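These notes concern the structure reproduced below.
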Amino acid sequence: MPERPDLEYVVPILDRELRGLAVTSVRVPRPVVLRIAIRGKPEELLVGKKFEGALRRAAFVLFALGEVEIAIAPMLAGRFSLCAPTERVPADLAVALGLSDGRELRYRDDVQMGKVWILAPGDHERVPGLAKIGVDVLDRRKFTKAALRSLAKTRRDQIKVFLLDKSALDSMGNAYADEVLWHAQIHPKTMVRNLSDEALDRLHASIVEVLRHARDEIARRKPALDVKVRDFLFVRGRHGKPCPRCGDKIRSAGVHGHDADFCPTCQPDRRRSPLVDWRKTKGG
């Protein structure tokens with residue numbers, strides 16, 4: 001999915017390019033992604049409305065259009081493009097909005113996991129995951145070592161699950177959670193309650209460093225809106241390849257419905273499990 005570093009690059013461009021433009025047409029080739037939380041059809045609600053701005057809220061992109069708001073959660077494969085309507089229509093096109101300058105804003109999603117919500121402005125309670133957003137991890141004043149320790153005390157889950165919880169932390173997805181944990185040398189299945197204060201402080205520093213570096217690197221490269229830059233990551237998507245730190249092979253594991261890439265040497269699993277004498281269980 002586009003994660004925070006991606007969206008921090010994409011959203012300002014969308015804000016600059018769309019502000020003041022009116023919607024002239026609406027196409028929804030993949031209706032499964034559309035959710036309407038206000039009375040009316042998409043064309044009735046959007047055509048003629050002007051974009052007043054775009055902003056990021058956790059993993060959502062919000063577009064203000066007067067008395068209507070669009071909230072898009074790109075999820076796993078969603079991406080945006082701005083192009084001429086005559087440009088080839090991609091097979092993954094989900095929603096297209098014609099613009100008064102002759103271009104189209106396209107939302108593309110080849111797995112159709114993302115969602116496009118049309119709602120009344122600020123009616124975020126209607127959208128799962130949008131109403132409650134956690135502490136901004138790049139806000140120096142709010143995201144302190146003490147703040148992370150305090151949050152950790154309330155958790156009874158594994159560390160990767162905690163990092164992915166947008167209601168606690170704003171915000172990471174699978175890729176950057178893996179990068180943060182590799183950087184902090186913490187196994188993704190470690191229980192949060194088992195982390196020492198020293199480990200939590202190391203995690204805090206890693207969250208800030210990894211996300212800031214990714215944000216700056218993407219901005220430096222200036223990719224096209226629909227291009228996701230991930231080739232600078234150390235562990236995500238590198239299963240079976242050598243760890244850049246120690247040379248061991250990167251492995252993958254499931255963590256409560258999510259996948260995680262990690263180094264078994266740099267991030268040892270310190271959980272203790274009882275030994276079982278299998279001969280006795282079989283009556284041997």
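Data for the structure
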{"read-out": "Sole residue being under 17 Å from Asp15 (Cβ atoms) and not charged (D, E, K, R), chosen from Val61, Val47, Val32, Val28", "value": "Val61"}
{"read-out": "Search result, residues across the range 38-70 that are more than 23 Å from the chain's Cα centre (by Cα) and closer than 26 Å to Ser167 by Cβ", "value": "Ile38, Val68"}
{"read-out": "Close pairs from the range 38-59: first closer than 15 Å to Ala120 by Cα, partner assigned to a loop (DSSP other than H, G, I, E, B) and among the aliphatic types (A, V, I, L, M), Cβ under 6 Å, at least 6 apart", "value": "Ile38/Ala120; Phe51/Leu21"}
{"read-out": "Search result, residues across the range 226-241 that are touching a His at 6+ places or on another chain (Cβ under 9 Å) and exposed (fewer than 13 other Cβ atoms within 10 Å of the Cβ)", "value": "Phe232"}
{"read-out": "Qualifying residues in the range 67-84 (those that are assigned to a loop (DSSP other than H, G, I, E, B) and among the aliphatic types (A, V, I, L, M)) - the one surrounded by the fewest Cβ atoms within 10 Å (Cβ to Cβ)", "value": "Ala84"}
{"read-out": "Pick from the range 140-174, criterion among the charged types (D, E, K, R) and under 15 Å from His204 (Cβ atoms), ranking: surrounded by the most Cβ atoms within 10 Å (Cβ to Cβ)", "value": "Asp170"}
{"read-out": "Qualifying residues in the range 190-203 (those that are among the polar types (S, T, N, Q) and not in a helix (DSSP H, G or I)) - the one surrounded by the fewest Cβ atoms within 10 Å (Cβ to Cβ)", "value": "Ser196"}
{"read-out": "Qualifying residues in the range 242-265 (those that are of a type in the set (Lys, Arg) and touching a strand residue (DSSP E or B) at 6+ places or on another chain (Cβ under 7 Å)) - the one surrounded by the most Cβ atoms within 10 Å (Cβ to Cβ)", "value": "Arg251"}
{"read-out": "Residue among Glu125, Glu87 that alone is surrounded by fewer than 13 Cβ atoms within 10 Å (Cβ to Cβ), of a type outside the set (Gly, Ala, Ser), free of Cβ contacts under 8 Å to residues at least 24 places away in the same chain and outside any loop (DSSP other than H, G, I, E, B)", "value": "Glu125"}
{"read-out": "Qualifying residue in the range 85-101 (condition: closer than 30 Å to Val135 by Cβ and hydrophobic (A, V, I, L, M, F, W, C))", "value": "no"}
{"read-out": "Tally of residues being under 21 Å from Lys49 (Cβ atoms) and among the acidic types (Asp, Glu) across the range 69-124", "value": "4"}
{"read-out": "Matching residues, the range 1-36, being of a type in the set (A, V, I, L, M, F, W, C), touching an Asp or Glu at 6+ places or on another chain (Cβ under 8 Å) and under 27 Å from Met172 (Cβ atoms)", "value": "Val33"}
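Quick grid of which residues meet (1) touching a residue at least 12 places away in the same chain (Cβ under 8 Å); (2) part of a loop (DSSP other than H, G, I, E, B); (3) more than 27 Å from Ser81 (Cα to Cα):
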site	(1), (2), (3)
Arg140	no, yes, yes
Ala152	yes, no, yes
Leu181	yes, no, yes
Pro188	yes, yes, yes
Ala205	yes, no, yes
Val229	yes, yes, no
His239	yes, yes, yes
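Any read-out appearing in this document is the output of simple, stated calculations on the displayed coordinates, not a laboratory observation. Keep in mind that what you see is a predicted model, and the values were worked out from it rather than measured. FYI the Cβ positions are ideal-geometry reconstructions off the backbone, even for glycines, and counts take in every protein chain you see.
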